[in-house]
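S.K.: Sharing a structure here in structure tokens format.
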Amino acid sequence: MDYTKLKCEICGEKFTENDDVVVCPDCGTPTHRECWKKEGRCPNEDKHSKDFVYDGFEMIKKSAQGVSDDERSDKEKKDGRIRILLNTASEGVKFCSVCGQKNAETANYCNRCGAKLSEQEIPDNSGFEDFEEFRLPPGMPDPLGGIPAQKQFEDDVSATDMACFVAVNTPYYLKAFDAVKRKTNKFNFSAAIFSGVWFFFRKQYKVGALVFSLETLLYVLRYYITMTYSMNVVNTVLNKLGLSMENMSSFTMEQYMNMSVELQKLPASQQIIAMLPSILFFVQIIAMIILGIFANKIYYKHCVNRIRTLKAAAAEENLNKAETARLLNYSGGVNLITTGLLLIVYLFIMLN
């Protein structure tokens with residue numbers, strides 16, 4: 001962005017190419033970042049109520065567009081124009097159509113180039129190609145988690161594609177995907193704890209159905225063996241010791257030791273029956289750990305395959321970059337309704 005023909009409205013010094021410049025989100029006034037921090041407010045704040053717009057805006061706008069008025073006019077005739085309400089491109093943020101900057105939802109003007117943010121027109125070829133140049137407002141987390149926007153996870157899948165598709169908790173998953181590409185790994189605790197439910201949450205329905213079915217099968221099998229066989233064996237041992245299952249929570253260490261001794265006296269088949277529920281429980285725990293280890297790798301492959309399919313469909317429909325980004329965002333993300341229903345079932349399983 002070329003601010004060299006303008007001056008800081010606080011210190012009065014002309015901007016240089018190396019200056020760190022911030023723009024007031026309300027009126028578009030540019031200042032040095034350090035000057036803004038010292039002043040703590042826009043130098044034209046008292047004029048905001050009068051719909052004040054910085055008088056150097058047109059010069060900044062031309063610089064942000066990167067083409068002359070004549071060149072841009074020819075480009076618009078060639079490409080055509082579409083109207084997009086950019087404040088619906090992503091919940092809670094607004095994207096500037098002039099320079100592509102990401103702004104807070106409450107901003108009226110772009111904090112990078114000063115353009116007005118409501119109902120802007122953008123050319124067909126506009127989109128997220130300048131994502132790597134975003135300078136986020138203070139306090140706003142980096143949606144890419146520090147991963148360069150131009151990074152290619154695959155030849156046809158970029159970091160911005162991934163961010164659009166993942167949609168929720170993108171900083172974690174882009175870092176996790178970067179770890180996958182580097183042959184390292186990040187353990188996914190959500191996938192480990194919620195297993196099948198997590199896969200449905202991330203719209204991996206086939207894997208989710210398989211994992212959830214196996215979890216349910218293990219639970220039903222463990223419950224059936226416990227109630228039908230194991231309880232009978234344990235009750236037999238307790239009766240020999242004059243104990244009751246109802247008071248098991250108050251057993252002393254000596255009583256547990258006596259139980260263990262009596263169980264070891266039983267035939268091998270009965271010992272296995274008594275221990276089988278515990279064995280199945282440990283199988284479930286091991287399965288959860290394995291899912292936590294491999295969940296990000298599975299999700300990475302899912303994202304890559306879906307993004308490729310969606311981008312191919314977008315190319316057939318001649319969608320521009322902004323529309324393609326929206327398609328990725330709406331097709332990806334998370335499924336809250338199905339997940340909520342399954343979570344109730346999952347918690348019932350885990351707590352019983």
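S.K.: Which condition breaks for ILE286 when tested against (1) surrounded by 12 or more Cβ atoms within 10 Å (Cβ to Cβ); (2) under 27 Å from LEU214 (Cβ atoms)?
M.R.: (1)
S.K.: May I ask you to list pairs of residues, at least six apart or on different chains, whose Cβ atoms are under 7 Å apart, with the first in region 255-279 being within 13 Å of LYS240 (Cα to Cα) and the second being open to solvent by 70 Å² or more (accessible area, probe 1.4 Å)?
M.R.: Matching pairs, first to second residue: GLU262/LYS240.
S.K.: Sticking with this structure for a sec: Among the residues of region 324-347, are any touching a Gly at 6+ places or on another chain (Cβ under 8 Å), in contact (Cβ under 8 Å) with a residue 40 or more places away in the chain and within 25 Å of THR228 (Cα to Cα)?
M.R.: Within region 324-347, one or more residues are touching a Gly at 6+ places or on another chain (Cβ under 8 Å), in contact (Cβ under 8 Å) with a residue 40 or more places away in the chain and within 25 Å of THR228 (Cα to Cα).
S.K.: What about LYS181, is it modelled with pLDDT of 65 or more, more than 17 Å from the chain's Cα centre (by Cα), surrounded by fewer than 21 Cβ atoms within 10 Å (Cβ to Cβ) and not β-branched (Val, Ile, Thr)?
M.R.: Taking the combined requirement at face value, the residue satisfies it.
S.K.: Taking region 148-178 as the search range and keeping residues that are among the charged types (D, E, K, R) and crowded, with 18+ Cβ neighbours inside 10 Å, which one is modelled with the highest pLDDT?
M.R.: Per the stated criteria, the residue is ASP178.
S.K.: Still on this structure, I have one more. Report the residue count in region 222-246 for those that are surrounded by 13 or more Cβ atoms within 10 Å (Cβ to Cβ) and outside any helix (DSSP H, G or I).
M.R.: Total satisfying the criteria: 2.
S.K.: Related question: Quick one: which residue in GLY333, GLY340 is surrounded by fewer than 19 Cβ atoms within 10 Å (Cβ to Cβ) and not in a helix (DSSP H, G or I)?
M.R.: GLY333
S.K.: OK, next. Could you tell me which residue of region 196-221 is nearest to LEU276 (Cα to Cα), considering only residues that are open to solvent by 40 Å² or more (accessible area, probe 1.4 Å), of a type outside the set (A, V, I, L, M) and touching a residue at least 60 places away in the same chain (Cβ under 8 Å)?
M.R.: THR216
S.K.: Are there any helices (runs of 4 or more DSSP H) wholly within region 143-215 with 1 or more residues that are among the charged types (D, E, K, R), and if so which?
M.R.: 159-166, 170-181
S.K.: Sticking with this one: Out of everything in region 290-330 that is polar (S, T, N, Q) and in a helix (DSSP H, G or I), what residue ends up being farthest from VAL211 (Cα to Cα)?
M.R.: It comes out as THR324.
S.K.: Out of SER269, SER249, SER190, SER278, report the one residue that is of a type in the set (Gly, Ala, Ser), farther than 27 Å from GLY332 by Cβ and open to solvent by less than 70 Å² (accessible area, probe 1.4 Å).
M.R.: SER278 is the lone residue from the list that is of a type in the set (Gly, Ala, Ser), farther than 27 Å from GLY332 by Cβ and open to solvent by less than 70 Å² (accessible area, probe 1.4 Å).
The values are calculated or read from the model by the stated rules, or taken from the named source; none is laboratory data. In this text, all values refer to a predicted model and were calculated from it rather than measured experimentally. All Cβ positions, glycine included, derive from the backbone under ideal geometry; neighbour counts span all protein chains shown. Heavy atoms of the whole protein, side chains included, go into the accessibility calculation; ligands, DNA and RNA do not. Shrake-Rupley method; radii C 1.70, N 1.55, O 1.52, S 1.80 Å.
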